[in-house]
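Let me begin by presenting the structure, written as structure tokens, before commenting on it.
Please treat every number below as a calculation from the coordinates, not as lab data. No experiment lies behind these values; they were computed from the predicted model shown. So basically every Cβ, Gly included, is an ideal-geometry build from the backbone, and we count neighbours across all protein chains shown.
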Amino acid sequence: MDFYNELLARGLVAQCTNSEKVSYLLNSGSAVFYLGIDPTADSLHVGSLVQLLLISRIQQLGNRAVCLFGGGTGMIGDPTGKNNMRRMMTTEEIERNISCFIAQASKFINISQVNIVNNAQWLCNLNYIEFLREVGIHFSINKMLAAECYKQRLGSGLTFFELNYMIMQSYDFLVLNDRFGCNLQIGGNDQWSNIISGVDLIKKKRGSEVYGLTSNLLTTSEGKKMGKTERGTLWLDSQKTSPYDFYQYWRNVADSDVITCFKMLTFKRLEEISEYEKCKGAELNYVKEVLAFEITSLVHGEQEAKNARESSEAFFKSGTQFANVPTVFLKKNDLKNGSISVVDLLNLANFASTKSEARRLIEQGGVSVNGGAVENVLSNVSVNDLKKGVLLKKGKKKFSKVLLIE
């Protein structure tokens, strides 16, 4: 199976402007491709992971990558998928977010082999009249408003401010084509309208043929976006989503979504994934553990994945339902000499209103940590255990996860 067909088999191709030409570029290692990322937060989320891993896959064939961060486009904000205009960010926010993104992206792609650029370099100092004459003249308002990214906003109100976004992203492709010879733009399928506008602009301005490739969005079998939890977005930053909670998300993914996640978010061979696809019942639980470990290892490293798996197994042995267990997050200043007392944990988990009540619970044999009864009121939990996550239990039915955030 050639590389392009493997991408198809993994669900990583939604639309392509010319599949035959793109397949040739990728397989021959002659693609100079780019991905654009707007710095909308101080962390990437799991939806971004699909694209970062796609860069890594394409790089492995010798293709050259350009990673563009939207210091300029981020000043406006992509209206795609939004009911209202995005919040306008300050330049300081944007610069801080970009630095966070670069640090995170380096975990997944060979950053030394990537040209990293910021479109603020050329977008923030444009002569607007000249830009309209040179670039804006090639865009039809009728065609733009028919694009899905704009059409869905016409009812709620699309600002002229946001209407510029497509033109700016298209201009990015033109600039990167001139500077680096970029001949392919990749992105999520919600970027299709913006990508083909860039392809069309280069053809009009330079007479060159370039291409666009979009991948499917990471969605459940019901069509809902993955990566949404009770506490919000599933972030790649361990300070915003702990490795344990990240692991648990994939450990508890719906049966119908397991294979999709394997194909899109891991480097497991398709032959191996096809074997997983045959699993049912208890075997499928094992497959979910493999999935959770693989993705957590990619994002947080193997050691954190092992810690999360050990904590998960401890919770499983207790018979607790994961989704119903509240989490208490500790910081280093909650600890004393590298540990915290079980008495204090009971207070923090709201299992006891006073230290006296907490001590009484322990003396009565009603408290356990990771399945082991706490018999001494002076018992402590170490920092190493807290990093892995511990299960605090009061009586027979009250549980709390306790995790240390560094």
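With a 10 Å Cβ neighbour count serving as the proxy for reagent exposure, in which order, fewest first, do Ile195, Ile102 appear?
Placing the least packed residue first, the sequence is Ile102, Ile195.
For each of Ile58, Ile141, Ile340, count neighbouring Cβ atoms within 10 Å of the residue's Cβ, then give the residues from fewest to most.
Least to most surrounded, the residues fall as Ile141, Ile340, Ile58.
Under the Karplus relation 6.51 cos²θ - 1.76 cosθ + 1.60, θ = phi - 60°, what is the ordered set of whole-Hz ³J(HN,Hα) values for the range 135-142, x standing for Gly and Pro?
3J(HN,Hα) across the range 135-142, in whole Hz: 10, x, 4, 8, 10, 8, 4, 4.
Could you pull out every one of the lysines with an alpha carbon less than 19 Å from that of Lys143, ignoring same-chain neighbours closer than 8 positions?
Excluding near neighbours in sequence, the set is Lys151, Lys203, Lys204, Lys205.
Out of the trypsin sites (Lys or Arg not before Pro) in the range 339-406, which ones are loop residues according to DSSP with at most 15 other C-beta atoms within 10 Å?
Here the trypsin sites (Lys or Arg not before Pro) that fit, given the DSSP loop and packing criteria, are Lys396, Lys397.
Kindly write out, for the range 166-173 in residue order, the coupling ³J(HN,Hα) from the Karplus curve 6.51 cos²θ - 1.76 cosθ + 1.60 (θ = phi - 60°), rounded to whole Hz, with x marking Gly and Pro.
These are the phi-based 3J(HN,Hα) values: 4, 5, 5, 5, 5, 5, 4, 4 Hz.
Mind checking which lysines have their Cα closer than 17 Å to the Cα of Lys398? Skip sequence neighbours fewer than 8 apart in that chain.
Lys317
Only helical DSSP H runs with n ≥ 4 go in: add -39500 (n - 2.57) per run for the chain, normalise by residue count and round the 222 nm mean residue ellipticity to 500 deg cm²/dmol.
Taking each H run of at least 4 residues, the total per residue is -13500 deg cm²/dmol.
So which of Lys336/Lys388; Lys224/Lys388; Lys224/Lys288; Lys332/Lys401; Lys268/Lys288; Lys107/Lys387 end up more than 24 Å apart by C-alpha?
Over 24 Å apart, Cα to Cα: Lys224/Lys388.
Quick one: 3J(HN,Hα) in Hz for the range 340-347, Karplus 6.51/-1.76/1.60 with θ = phi - 60°, rounded, Gly and Pro as x.
Taking θ as phi minus 60°, the curve returns 9, 6, 5, 4, 5, 4, 4, 5 Hz for the range 340-347.
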